[in-house]
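Read the structure below first, then the notes.
Since every read-out is calculated from the coordinates, none of them should be taken as a lab result. None of these values were measured; they are calculated from a predicted model. Glycine gets a Cβ as well: all are built from the backbone with ideal geometry, and neighbour counts include every protein chain shown.
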Amino acid sequence: MSFEPPDQESADLLALAQSVAAKANAGEQVEAFVARSSYTTVRAHGGEVESFTSAVSAGIGIRVVSDHRQGFAWAGTLEADAIADALAEARDNAPFAEPDEWVGLAEPDGIVPVPFDAFDPSVASMPASQKIDLALELERMVRDGDSRITGVRVATFSDSSSRFAVATSTGIAGAGRGAWCSMSALALAEDGDETYTGGGSTVGFRPEDLDLAEAADDAVLRATRLFGAKPVPSQRVTIILEPRMAATIASLLGSTLTGERVLKGRSPFGDRIGEAIASPMLTLVDDPTDHRSYAADMFDGEGLACRRNQLVVDGVLQGFLYDSASGRRAGRPSTGSAVRGVSSTPAVGCQALAVAPGAGSFDSLLADIDTGVYLQTMTGLHSGVNLVSGDISVGIEGLMVRNGQLAEPVREVTIASTLQRMLLDIVAIGADVEWLPGGTGCPTMVIADLSLGGS
Amino acid sequence: MIEQLVLEEVLGVAMRTGGEFAEVFAEDRRNASAVLDDGRVEELTSGRDRGAGIRVVVGDTTGFAHTADLTEAGLIAAAEAAAAAARGGGGGTNIVALDRRSASRGYDIETYPGDVPKARKVELLGRANDAARAVGGAISQVSVSYGDNRRHILVANSDGLFVEDDTVRTFFAVSCVATGDAGMQTGRESVGHTIGFEMFDMYDVDQLARNAADRALTKLAARPAPSGQMPVVIGSGGGGVLFHEACGHGLEADLVAKGASVFRGRVGQQVASKGVTVVDDGTMEREWGNIAVDDEGNPAQRNVLIEDGVLTDYMWDHLRARKEGRRSSGNGRRQSYQNLPMVRMTNTYLLAGEEDPESIIASTPKGVYVKHLGGGQVNTATGDFVFGMTEAYLIEDGKITEPLREGNLIGNGPEVLQRIDALGNDFAMGPPGTCGKDGQGVPVGDGVPTLRVSSLTIGGTAA
């Protein structure tokens, strides 16, 4: 397979990874994953630059497999002595693992990656003064957005330009690059003795993609519409989730559909292939070859081509995601779903989840709800969600929905259900797919019959 | 790690463009971990991260750069980058004389994990796996993880401070899945201390594994938690995260200064029930949040935040304290040399009261007993916070009865602090935690005695 790295820097990283992989002894497999990124973060507060950070970071992760045993080591630098130490450590770690016939590195599978290069050099070459101006401008826009805005906890401009390469002694060679910039603001609004916060953000592959007005308006609106919020009585409710909130639910589902969880008996959907696990309205794919996603990529963390994987079609579970080892164990090919950083071994994960569009806009779906809750924020996702049992319970802030319209604000209440039930209780999916900063594409969703815990 | 003369030179460069304060924070960290899952030791991992972060402060602006290159040339390049980002009016002081101090945490590490053969670490995993599976056939999956890290830090700044510290932490956790007719449930047990391999003299890994397995089995019979408000009794050691979220974050001076805390302007006021004393204490020996010095080189302190219900002080880092003309409280922490420090907690706990824990439960006609809390999250501006219950039971007629499924509880910090109406005499520290703030995670500890909150909202699914 011939593959041309997109530029000299990624070619250099690939050459470095290949030089490490070439050190494999007889009967040994070696993989090197190398990454280098440069980034800037500007934080503005009170009309001043609070902090300006710029740095380059780089690292290498090395896997050694011998006798079906895997060892791993990493270093946060690409200096030659550190790389040599990491290789020796990975080799030393391998014999302590217990053998597993499926353990091993990826092998070339003949699937040609879909070309993709969203790297815009203008991200890295942007002058520092322009980044500072953008952060100050966003902060000013938020402060001027409403008389009740008393401050901005922080307004941030961030950019990152990164390159990675992965190579193995089994013949894998992949490299890529990416660049993005993003901005976010967290507004503080005060009225009487009440203070609320509201966040807004914008992301792009190029500086000119950033939409400051949208981020500022969002932060201001969210911070100022909760005044007077209080708990409502406990009840069964329908919830309406705008794309960014619905994407959270899609991500929870995606996390349960990895081969790793299924094979180890940790997925509530492990034995449900071919069955209806969700409303027939739900179709979910994981597709890093969809170039609208901010997580689009050519290669996965093991250097295999990314591909489109159907997870749920019309509510019916189609299959799971695999990396090469979990795929071998399941008797299936890798789905190109290895995700990783330099400091960890590849794990199976979702890369670019997308919920297929349904029908209608946020407003038209809202109009169909008699009584319900619009969720502005969810808190406690890490403490209130158990992806093995499927139990979900989160704290929320938002607005009640009455007669198809947004009504009084609500806070200090919880909503709870199980993931299994929520998927079946989806009653509407909008046509308004939004591509979110994390890489997920998702439209508005309406889910019925959750428990609201309140006063 | 770095020669004193080099540090003085680098700080001089950092101050050359008019900096008012400059700092070099260098770190050399080694991690080792081992994981057993699905009946098999899967892998051992070793990691090494080393570098320095340099910050330069001019007025309200901080310039920051970091580098993995600890040579003089690498450090000077980073100092120039940080100084360029925080450019002042002109040439400033650029002669810095460092005064080397020693950091002390009052106890010694007995066995450095780096000196322990890997086979001994792996052996612990197998023992825990066997013990968990021996609890019963309903235990369908077990994962066990071991981790240790050694972190050597060096802080030198333009005020002349120069201090180094060496911290060792050791961690062990067991997670079980139990499968029954109604699906799967999970149970977990974790321990972590700022000590070396001697941690395994304090704990029997078999017992830790059985605890995790028992929690998963108990929950197989759990019923849905209630939804709505009722009294909640929190178990000793299991619920320190309540105070971490209900008031800890809100007492961080950076959030207070930005108007993002519901506790702003309330020092000297009664913010909690009488008898409630909350402390953040980085000096607590051997605990997960123990530090000898913080990541700005200031000695760890025991800081009383709330005393007998009255708010006494916030927590401070160097920048916030400097602005207020006071001393840092030793709460300036950062995840790594790649991050700027900010105000962070260490070990946060509520002092014991005098009541018998059994009588607290017996005097609760109807409510929920939360034996172990999971993580939590707070909006410091409103004070609303959630925390997960990973092991909880119904209280009926003053007795602990049926186990409950998982869920979050929600409350408002200032209100909940006023609703604490019983404090037990059985203080204990809880499991190790990682506190996240603005994308940085740092190790923290917490602890509570048995206590009762007269009303909290429980986020279950039962009516």
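Leaving out same-chain residues fewer than 8 places away, which aspartates and glutamates sit with a Cα under 19 Å from that of A:Lys23? Hits, sequence-local ones excluded: A:Asp12, A:Glu31, A:Asp67, A:Glu79, A:Asp81, A:Asp85, A:Glu89, A:Asp92, A:Glu107, A:Glu302. Find me the longest stretch of chain B that has none of the exposed trypsin sites (Lys or Arg not before Pro), where exposed means in a DSSP loop (not H, G, I, E or B) with at most 13 other Cβ atoms within 10 Å. Segment B:1-273 is the longest.
Ignoring aspartates and glutamates fewer than eight residues from B:Lys323 along the same chain, the ones with Cα atoms less than 20 angstrom from its Cα are A:Glu48, A:Glu50, B:Glu20, B:Glu23, B:Asp60, B:Asp159, B:Glu252, B:Asp254, B:Asp294, B:Asp295, B:Glu296, B:Asp313.
In this label model, B:Asp60 and B:Asp38 are separated by 5.4 nm, measuring between points 7 Å along each Cα→Cβ vector.
Once the Cα atoms of helix A:128-143 and of chain A are each reduced to a long axis, what angle between those two axes, in degrees from 0 to 90 to the nearest 10, is obtained? For helix A:128-143, the angle is close to 30 degrees.
Take every Cα pair under 8 Å whose residues are at least 6 apart in sequence, average their separation, divide by the length of chain A, and the relative contact order is 15 percent. Fewest neighbouring Cβ atoms within 10 Å first, the residues B:Met389, A:Met245 line up as A:Met245, B:Met389. Can you compute the FRET efficiency between A:Arg206 and A:Ala80 using 1/(1 + (r/R0)^6), with r the Cβ-Cβ distance and R0 = 41 Å? Round to the nearest 0.05. Taking R0 as 41 Å, the efficiency between A:Arg206 and A:Ala80 is 0.70. Within region B:383-417, which residues have the backbone N less than 13 Å from the label spot 7 Å out from B:Ala362 along Cα→beta-carbon, could you tell me? Under cut-off, by backbone N: B:398-400. Using the Cβ-Cβ distance between B:Arg223 and A:Val427 with R0 = 22 Å, the FRET efficiency computed as 1/(1 + (r/R0)^6) comes to roughly 0.25. For the modelled label position 7 Å from the Cα of A:Asp217 along Cα-to-Cβ, which residues of region A:404-427 have backbone nitrogen atoms closer than 11 Å? Answer for region A:404-427: none.
Each label point was placed 7 Å from the Cα along the Cα-to-Cβ direction; for A:Ala128 and B:Glu110 their separation is 5.1 nm. With both labels modelled 7 Å from their Cα along Cα-to-Cβ, the B:Asp99 to B:Asp181 distance reads 7.3 nm. Scanning chain A for GluC sites (Glu not before Pro) lying in DSSP loops with no more than 15 further Cβ atoms inside 10 Å, the longest uninterrupted stretch between such sites is A:276-455.
Based on the Cβ-Cβ distance from B:Ser140 to A:Ala330, what FRET efficiency comes out when R0 is 22 Å, to the nearest 0.05?
0.80
Note on A:His291 and A:Lys230: the extension gain reaches 17.7 nm, defined as 0.36 nm multiplied by sequence separation minus the Cα-Cα distance.
Available extension along the chain between A:Ala15 and A:Ser147 is 41.8 nm, counting 0.36 nm per residue and deducting the alpha carbon span.
Converting phi to 3J(HN,Hα) with the Karplus coefficients 6.51, -1.76 and 1.60 and the offset θ = phi - 60°, region A:387-398 yields 7, 8, 7, x, 5, 10, 8, 9, x, 9, 10, x Hz in sequence order, with x at every glycine or proline.
Sorting A:Phe33, A:Phe119, A:Phe320 by the number of Cβ atoms found within 10 Å of their own Cβ, with the fewest placed first, yields A:Phe119, A:Phe320, A:Phe33.
For region A:307-313, backbone phi angles converted through the Karplus equation (6.51, -1.76, 1.60; θ = phi - 60°) give residue-by-residue couplings of 8, 7, 10, 7, 9, 9, 10 Hz, Gly and Pro being listed as x.
Starting from the Cα of B:Glu198, move 7 Å in the Cα-to-Cβ direction to define the label point; list residues of region B:102-129 whose amide nitrogen is under 18 Å from there. Answer for region B:102-129: B:104-117.
Between the helical axis of B:4-15 and the longest alpha-carbon principal axis of chain B there is an angle of about 80 degrees. Scanning residues 5 or more positions from B:Val271 or on other chains, those with amide H under 5 Å from its amide H are B:Val310, B:Leu311, with H placed 1.01 Å from N in the peptide plane. Derived scalar couplings between HN and Hα for region B:242-255 equal 4, 7, 4, 8, 5, 9, x, 4, x, 9, 7, 4, 5, 6 Hz in order, rounded to whole Hz, by the Karplus curve 6.51 cos²θ - 1.76 cosθ + 1.60 (θ = phi - 60°), x for Gly and Pro. For chain B, the longest principal axis of the C-alpha atoms and the axis of helix B:72-85 are separated by about 80°. As a proxy for reagent exposure, ranking A:Ile149, A:Ile60 by other Cβ atoms within 10 Å from fewest up yields A:Ile149, A:Ile60.
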